[in-house]
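Participant: The structure follows.
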Amino acid sequence: MTEYTSSDRAPSDPTPSSELEAALVARGSRIALAGFVFSVLFVVAWLMLRASPSFGSTDDELTSYYLDPDQRRDSAVAGLYVIPLASIAFIWFMAALRDRYLRSAARENTILSTAQVVAGVLVVTSLFTIAAVELAVVWLAETGELFDVDAARGLLAIGQSTSDIMALRSAAVFVGVSATRAVRSGLFPRSYGALSMVTALALLLVNDSVVGVVLLFPAWVAGTSILILVRRRAIEVADGA
């Protein structure tokens, strides 16, 4: 009688290769769709918040922006809709990507899998926190007879620190761990894995005072989605050959 260790997979009913490939194609579509939605919404939110003042802005800049309904509308829409929807799309991207790893890899690496989940959760948490901060400052301006500049500056400082410390760093870990798992499972070529590691280092070591560095993350997600779509197309061509 054959015994299996905890690291081995017990034999299961064989799945026809055509059915397995069809399943991978469908999952590739879902990954790509969720990844593209996240990337687009992330960039839209970033553009909407570019004009908003930071915690280091002067009192006049903060007052003129948040007391003007037309100017603060972008912050309200980004905080209430765009960033939360981007976060939800990222949850689906992460879930579908992890499923693809499990289907492609010979065995599961518990350590890398756990690190990826935790990093992804921190990314989502930080995005929701940034959205809540923006919305809180808008509501502070809308409800109060006098705009409390010091309170607004304190909230914006929390949002900025969340972006620098939690969002970028956890995104770096997510990219690095995801690339490692993908290369090991054969989902990514080694060249894309190396490019992903460079992206992870940039997110880890640079803060968002460098204009555009935060966009490396949605760019990586979009690139990953494109790569999976290309591999999906290769499977379809192979099936039709």
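Participant: Test of the criteria: in region 81-172, which trypsin sites (Lys or Arg not before Pro) are in a DSSP loop and have at most 16 other Cβ atoms within 10 angstrom of their Cβ?
Facilitator: Those that pass, being in a loop and sparsely packed, are Arg107.
Participant: Over 16 Å apart: what share of the alpha carbon pairs of region 136-199 falls there, rounded to a whole percent?
Facilitator: Tail of the P(r) past 16 Å holds 61 percent of the pairs.
Participant: Starting from region 102-151, pick out the GluC sites (Glu not before Pro) whose DSSP state is loop and whose Cβ has at most 12 other Cβ atoms within 10 Å.
Facilitator: Listed in order of number, the matching sites are Glu145.
Participant: Output the peptides 78-90, 195-207 sorted from most to least packed, where packing is the average of other Cβ atoms within 10 Å over each peptide's residues.
Facilitator: 78-90, 195-207
Participant: What percent does the relative contact order of region 31-116 come to when contacts are Cα pairs within less than 8 Å and at least six residues apart?
Facilitator: 45 percent.
Participant: On the full set of protein chains, 1.4 Å probe, figure out the accessible area of Thr129 and give it in Å² to the nearest 10.
Facilitator: Looks like 50 Å² after rounding.
Participant: Now, a different point. Between Ile111 and Asp150, how many nm apart are label points set 7 Å from Cα along the C-beta direction?
Facilitator: So the label points at Ile111 and Asp150 sit 4.9 nm apart.
Participant: Using bins 10 angstrom wide from zero, how does P(r) for region 25-178 break down, in % of all Cα pairs?
Facilitator: Calculated P(r), rounded to whole percents: 11, 36, 28, 16, 8, 2, 0.
The values are calculated or read from the model by the stated rules, or taken from the named source; none is laboratory data. Values in this document were obtained by computation on a predicted structure and should not be read as measured data. Glycine gets a Cβ as well: all are built from the backbone with ideal geometry, and neighbour counts include every protein chain shown. Ligands, DNA and RNA are stripped out before the accessible areas are found, and what is left, the full protein with its side chains, is counted by its heavy atoms. Shrake-Rupley method; radii C 1.70, N 1.55, O 1.52, S 1.80 Å.
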